[in-house]
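Peer 1: Supplied in structure tokens, the structure appears directly below.
The values are calculated or read from the model by the stated rules, or taken from the named source; none is laboratory data. Note that this is a predicted model, so its numbers are computed, not measured. Here Cβ is always computed from backbone atoms with ideal geometry, including for glycine, and neighbour counts include all displayed protein chains.
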Amino acid sequence: MTIVYEAKMENLFMSNAQTTNGEPKIDTGRSLSALTPKMLSHAAYVTHDVGATVEFYTGIMGMELASSVFDDRIPSTGDAFPYFHVFFRMGDGSTIAFFEAPGLPDPAPPSHPAYKIFDHIALQVDTVEEVQRWRAWLLQHGLELVGPTNHMNELLSIYFHDPNGVRLEITAPLDPHWNRHFDRAYHDLKLWLEAKESARREGRDISAALIDLIRRERSRYQAS
Ligand SMILES: [Fe+2]
């Protein structure tokens, strides 16, 4: 692990070359970049009410019901779980998908409320004005939402839930390079892993060491 991220940090640089879509070409110095996934094909969740789900994603989220599957087995594993599978299409062709499976009991509640916050899917729009229009549209349809929230001047987001309890985020980039802060990400990863490792080595409480790190590093945002 150490070798991988340090090698990547050393080799990471921006080249002047442009890709065909006009974005700066990132040369990681590694042949792995040829295997980088191109887009989100689908993120899939369970629903217990496919009718309400279709109504929500087509009527409120503005997505097209784009594909469906019936099967009485999971093709990848062979498990005998009968289901109806639906896909909702977004602007770039990526989709959100759901399975309704007859007789499936409700899931066990999470062991901590944080899971219900951290687990979410964010859908990107182009501008802050669009986030505001989404906010008005969702409120008009009686949805409860939080935000807009400014994330370190990188993203502006609102949050709400679909009828299945999936936490959704509508977000617009405030920083067009929000997902290209490679050096910061690898640097922060190094801090995190080293804090864990040194706490473990010295027999200190790992959570406390990580919370110290978080509080120390988050001051970078307050200072700016
Ligand atoms: Fe998010």
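Peer 1: Looking at Phe118, Phe88, can you tell me which residue is of a type outside the set (D, E, K, R) and surrounded by 11 or more Cβ atoms within 10 Å (Cβ to Cβ)?
Peer 2: Phe88
Here's the yes/no breakdown for (1) more than 16 Å from the ligand (Cβ to nearest atom); (2) more than 19 Å from the chain's Cα centre (by Cα); (3) touching a residue at least 12 places away in the same chain (Cβ under 8 Å):
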residue: Met63; (1), (2), (3): yes, no, yes
residue: Ala66; (1), (2), (3): yes, yes, yes
residue: Phe88; (1), (2), (3): yes, no, yes
residue: His112; (1), (2), (3): yes, yes, no
residue: Lys116; (1), (2), (3): no, no, yes
residue: Ala122; (1), (2), (3): no, no, yes
residue: Leu139; (1), (2), (3): yes, yes, no
residue: Leu143; (1), (2), (3): yes, yes, yes
residue: Pro148; (1), (2), (3): no, no, yes
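Peer 1: Would a scan of segment 125-132 turn up a residue that is at pLDDT 95 or above and within 18 Å of Tyr45 (Cβ to Cβ)?
Peer 2: The answer is no; no qualifying residue exists.
Peer 1: If you don't mind, another one. Please specify each residue of segment 196-213 satisfying the condition of being exposed (fewer than 11 other Cβ atoms within 10 Å of the Cβ) and either within 24 Å of His151 (Cβ to Cβ) or of a type in the set (Ser, Thr, Tyr) (or both).
Peer 2: Passing the criteria: only Ser207.
Peer 1: Follow-up. Can you pull out every residue in segment 90-110 that is of a type outside the set (A, V, I, L, M), within 18 Å of Ser41 (Cβ to Cβ) and free of Cβ contacts under 8 Å to residues at least 60 places away in the same chain?
Peer 2: Gly91, Asp92, Gly93, Ser94, Thr95, Phe99
Peer 1: In segment 175-221, how many residues are of a type in the set (A, V, I, L, M) and out of contact with any helix residue (DSSP H, G or I) (no Cβ under 7 Å at 6 or more places or on another chain)?
Peer 2: The qualifying residues number 5.
Peer 1: Only residues that are out of contact with any Leu (no Cβ under 8 Å at 6 or more places or on another chain) and within 14 Å of the ligand (Cβ to nearest atom): list them for segment 172-189, please.
Peer 2: Asn179
Peer 1: Further question: Name the pairs: first residue in segment 163-189 and in contact (Cβ under 8 Å) with a residue 24 or more places away in the chain, second residue more than 12 Å from the ligand (Cβ to nearest atom) and hydroxyl-bearing (Ser, Thr, Tyr), Cβ to Cβ under 7 Å, at least 6 apart or on different chains?
Peer 2: Final answer for the pair search is Pro163/Thr53; Asn164/Tyr45; Asn164/Thr47; Asn164/Thr53; Val166/Tyr45; Ala172/Thr127; Tyr186/Tyr5; Leu189/Tyr5.
Residue-by-condition table, conditions (1) under 22 Å from Ala114 (Cα atoms); (2) in a helix (DSSP H, G or I); (3) among the aromatic types (Phe, Trp, Tyr):
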site: Asp175; (1), (2), (3): no, no, no
site: Tyr186; (1), (2), (3): no, yes, yes
site: Leu191; (1), (2), (3): no, yes, no
site: Arg200; (1), (2), (3): no, yes, no
site: Arg204; (1), (2), (3): no, no, no
site: Ile214; (1), (2), (3): yes, yes, no
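Peer 1: If you don't mind, another one. Mind checking whether some residue in segment 172-184 is loosely packed, with under 12 Cβ neighbours inside 10 Å and at positive phi?
Peer 2: Scanning segment 172-184, I find no residue that is loosely packed, with under 12 Cβ neighbours inside 10 Å and at positive phi, so the answer is no.
Peer 1: Right, something else. Kindly indicate the residue of segment 150-171 that is more than 12 Å from the ligand (Cβ to nearest atom) and assigned to a strand (DSSP E or B) and also surrounded by the most Cβ atoms within 10 Å (Cβ to Cβ) among those meeting that condition.
Peer 2: Looking at residues that are more than 12 Å from the ligand (Cβ to nearest atom) and assigned to a strand (DSSP E or B), I get Phe160.
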